[in-house]
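The values are calculated or read from the model by the stated rules, or taken from the named source; none is laboratory data. Small disclaimer: the values here were computed from a predicted structure and weren't measured. Positions of Cβ are backbone-derived with ideal geometry, glycine not excepted, and every protein chain shown enters the neighbour counts.
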């Protein structure tokens, strides 16, 4: 397959123009300009960025998974972390290629706990009542090929005992899995931190005590934003947690009411309102990629997942949600005209 160049764009944080060569699904070279006579798309006046990763989605409840994945790809999202899906649907994630899908499978919850009595009644939760059941449930999720275990702590329903939550987290870590938690209230965030979780799946909505904020920051826990899905309620907590040292990752909770596949302009605006600069938002997107287990970078031999966005996005981050061109695994998904 012949080499194709994207030329004349600026890369994030760089003043000089850059040219990136694609061959098949990979980036093969980065230079200041393409060779004379090379096949190229002129991208002057635009920013060239890695495609997004969304670190919190629910593909199975968002709609038809194939249609959702195609909409995500066209919208500039190359990878997702699915944080809640029934076991029988997990094998279908492989069919969504070139969308890269990391996942947690069903949530681990108390008997009759969240989400088994609401939206997740059909296999979205595994109920565990003892430490032994917790370890068996983690083994079951690990056997699916999960990257994460997700604990569910919601005060509207029965909640895992602290010892059971700790047993699940310990077993997950023993097997090399990361642990995320659904916990919005301060008391349950406290329980999750004591259990040893790695990631808060949402910016908490209840006001967090300063001591807890400082502990989360000192532990450098990841916090997935999901601000839009919760009406912006977690903005102040996200700001305080980030200032304390917690690491923000971009995520939308796709599947929730009011969300749609693609880069979420409202999420970006809320991140800016929480104090994240343009560069910090890009860092949050990169952290999302790391949570999903992918590079999410522009570098030789990386998968060619790329966006072109207007340079005005530096001052207006919501414009990141309106890419002019999208390449996923080297294939043009959107824009770029006949030159691609």
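Some points to look at:
- Residue 142 touching a residue at least 12 places away in the same chain (Cβ under 8 Å), closer than 26 Å to residue 80 by Cα and surrounded by 22 or more Cβ atoms within 10 Å (Cβ to Cβ): no
- Test: residue in segment 141-158 that is in a helix (DSSP H, G or I) and either touching a strand residue (DSSP E or B) at 6+ places or on another chain (Cβ under 7 Å) or not assigned by TED's automatic domain parsing to the domain that holds residue 115 (or both): yes
- Members of segment 83-98 that are touching a strand residue (DSSP E or B) at 6+ places or on another chain (Cβ under 7 Å), without any contact (Cβ under 8 Å) to a residue 40 or more places away in the chain and either more than 22 Å from residue 159 (Cα to Cα) or assigned to a helix (DSSP H, G or I) (or both): 93
- Residues of segment 243-277 that turn out to be more than 15 Å from the chain's Cα centre (by Cα), buried (at least 22 other Cβ atoms within 10 Å of the Cβ) and outside any loop (DSSP other than H, G, I, E, B), as a count: 1
- Lone unmet requirement of (1) within 27 Å of the chain's Cα centre (by Cα); (2) touching a residue at least 24 places away in the same chain (Cβ under 8 Å) for residue 21: (2)
- Residues in segment 313-334 that are touching a helix residue (DSSP H, G or I) at 6+ places or on another chain (Cβ under 6 Å) and assigned to a strand (DSSP E or B) were compared, and the one that is nearest to residue 70 (Cα to Cα) is 333.
- So residue 310, is it over 16 Å from residue 53 (Cα atoms) and touching a helix residue (DSSP H, G or I) at 6+ places or on another chain (Cβ under 7 Å): yes
- Subset tally (residues that are in contact with a helix residue (DSSP H, G or I) (Cβ under 6 Å, 6 or more places away or on another chain) and part of a helix (DSSP H, G or I)) for segment 35-70: 6
- Condition met for residue 111 (over 29 Å from residue 158 (Cβ atoms), in the same structural domain as residue 163 (by TED's automatic domain parsing), touching a residue at least 40 places away in the same chain (Cβ under 8 Å) and assigned to a loop (DSSP other than H, G, I, E, B)): no
- Of the criteria (1) at positive phi; (2) out of contact with any helix residue (DSSP H, G or I) (no Cβ under 6 Å at 6 or more places or on another chain), which one residue 119 fails: (1)
- Segment 101-125, residues that are more than 22 Å from residue 80 (Cα to Cα) and surrounded by 15 or more Cβ atoms within 10 Å (Cβ to Cβ): 109, 110, 113, 114, 116, 117
- A search for C-beta distances below 6 Å between a residue of segment 223-241 that is at positive phi and any residue that is in a strand (DSSP E or B), counting only pairs 6+ apart in sequence or on different chains, returns 226/56.
- Here the condition is being under 29 Å from residue 100 (Cβ atoms), assigned by TED's automatic domain parsing to the domain that holds residue 275 and surrounded by 24 or more Cβ atoms within 10 Å (Cβ to Cβ); of 238, 184, 178, it holds for 238 alone.
- Among the criteria (1) modelled with pLDDT of 90 or more; (2) exposed (fewer than 15 other Cβ atoms within 10 Å of the Cβ); (3) not assigned by TED's automatic domain parsing to the domain that holds residue 249, the one residue 14 does not fulfil is (1).
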